[in-house]
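Read the figures in this text as sums done on the coordinates, not as results from a lab. What you are looking at is a predicted structure, and each value in this text was computed from that prediction instead of being measured. Ideal geometry is used to build each Cβ from the backbone, glycine not excepted, and the neighbour counts take in all protein chains shown.
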Amino acid sequence: MNEVKHQFWTTPNQLTLARLFFIPFINICIVERRYHTALILVIFAGLSDGLDGLAARLLHQRTRLGEYLDPIADKLLLSSLFLVMSFRHMIAWRYTVLVFSRDLCILMISALLYVFGLRDFRPGIFGKVNTACQIAAVFFALLVKVDSSEWVWMTEKVLLYGVFAFTLASAMQYVYLTGQRLKKLQATKT
């Protein structure tokens, strides 16, 4: 228990918790059409995401708690933003349904595999690119409400197409990598 308390108070984990703290306020701002404020909070949340990883490396404060907490914070932030932005007609529902479907499938598969002893759920390159596309798409979907320039609108559209493509690609890569990891696990057990 003391180990968890110690991990909880590290700088990177506090930055991750700050990102979690921003989630309801960002979504409230979007629902209330306070897009400038929402955009500023998304920028702060994005900075906290970059800073927590940097702090973990520079301060040698990588923790098991952080390994779980950071992707959970990212998923909660992005999933809630996609959902709220779809309700506000800022992002088409097809993107939100695809993002949620992939994440729910990965969550269910991960839970099943965890039961069977597989603990390695690191994302592949397509998963990382997908997350970056999602973050950028959400940012530009908010930015278009603040600055309706053609380049902002076009960038948002390109990023949403990227979300679509990389969500599918990362799902396929996840299935492939999971199969490889399961083969390795079975080989070590025999």
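For this structure, a couple of remarks:
- For G50, neighbours were defined as the other residues whose beta-carbon sits under 14 Å from its Cβ, and their charges (Lys and Arg +1, Asp and Glu -1) total -1.
- Considering only alpha-carbon pairs that sit under 8 angstrom and 6 or more positions apart, the relative contact order computed for the range 98-190 is 40 percent.
- Shape of the range 44-90, Cα gyration tensor, a/c cut at 1.5: oblate
- Descending principal axes extents, the range 1-89, alpha-carbon based, whole Å: 43, 22, 15
- Segments 13-22, 73-82, 97-106 sorted - mean Cβ within 10 Å per residue, highest first: 73-82, 13-22, 97-106
- Tensor-based shape of the range 91-190 (alpha-carbon gyration tensor, a/c under 1.5 rounded, otherwise prolate or oblate): prolate
- Annotation: the residues R57, R34, sorted from fewest to most other C-beta atoms within 10 Å of their own C-beta, follow the order R57, R34.
- Across the alpha-carbon atoms of the chain, the computed radius of gyration and Dmax are 17.9, 60 angstrom.
- Across the chain, C-alpha contacts under 8 Å between residues 6 or more apart give a mean separation that, scaled by the residue count, equals a relative contact order of 22 percent.
- Proximal charge balance of R19 [Cβ under 9 Å; K/R count +1, D/E count -1]: -4
- Neighbourhood charge, 12 Å Cβ-Cβ cut-off, centred on H36 and excluding it, Lys, Arg +1 and Asp, Glu -1: +1
- The distance between label points at R34 and E150 comes to 3.5 nm (points 7 Å beyond Cα on the Cα→Cβ vector).
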